[in-house]
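Notes follow the structure.
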Amino acid sequence: MIVVVAGVTGCGKTTVGALLAKDCGWEFHDADDFHSAASVAKMKRGAPLTDDDRWPWLDRLNALLQDSERQNKSLVLACSALKLVYRDRLARGCAAVRFVFLEVDAELLRARLAARKGHYMNPKLLDSQIAILELPQDALRLDAGESPATLAGKIRTALAP
């Protein structure tokens, strides 16, 4: 199984995804690690990425998911996946992808981003992410105001065979 933990910056994708992967004994990847140097620099400056910036990134992630599926390896990927077209491109050719979307109040997001240290994502980009967000209809949607352990437990229960 491949689980993509999705949502806007600061919602807890990486924390919840890493905990879920550890609990399940699966591989974990953070999509942020797959951005080009140019995209990282752009986000550091506070400039939102365009679709043209995102396509090669999503293609690299899709290759990771396809490779994992070919090897019959389960993994968790933390990835914003904000638009339907991004989720479709990410999961293209993969049968075992399940999306989990972490929803959270904008004020809690702002507080989390203000407290976050050492991440290249400029907090100014939150509004641009919210503006392009297309809530998934076919994903497990959870309140990211809950603790990471609670969220990981809910995901395990919901996705259990």
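The values are calculated or read from the model by the stated rules, or taken from the named source; none is laboratory data. Predicted model only: the values in this text are computed from it and were never measured. Every residue, glycine as well, gets a Cβ built from its backbone with ideal geometry; the counts of neighbours run over all protein chains shown. In case anyone asks, the SASA skips ligands and DNA or RNA and just uses the protein heavy atoms, side chains included. Shrake-Rupley method; radii C 1.70, N 1.55, O 1.52, S 1.80 Å.
Here are a few things to note about the model shown:
- Summing charges over neighbours of Leu61, with a neighbour being any other residue whose Cβ is under 12 Å away from its Cβ, gives 0 when K and R count +1 and D and E count -1.
- Multiplying the residue separation of Asn72 and Ile130 by 0.36 nm and removing their Cα-Cα distance gives an extension gain of 17.4 nm.
- Amide N proximity, the range 23-49 versus Ala63 label position 7 Å along Cα-to-Cβ, cut-off under 14 Å: 34-36
- Taking Cα centre as origin and charging only the Cβ of basic (Lys, Arg, +1) and acidic (Asp, Glu, -1) residues, the dipole magnitude of the chain rounds to 280 debye.
- Average accessible surface area per residue within the range 1-156, 1.4 Å rolling probe, Å²: 48
- The chain - mean residue ellipticity at 222 nm from DSSP helices (-39,500 (n - 2.57) per run, n ≥ 4, rounded to 500): -14500 deg cm²/dmol
- Spin-label pair Cys94/Ala38, simplified geometry with 7 Å Cα→Cβ offset, distance in nm: 2.5
- Our Cα-only numbers for the range 25-100 put the radius of gyration and Dmax at 12.7, 39 Å.
- Cβ-defined net charge surrounding Pro136, 13 Å radius [Lys, Arg +1; Asp, Glu -1]: 0
- Value in Å of the Kirkwood radius, where the chain supplies the Cα pairs that are averaged: 15.8
- Förster-model FRET efficiency, 35 Å R0, Asp51 and Leu159, C-beta, rounded to 0.05: 0.75
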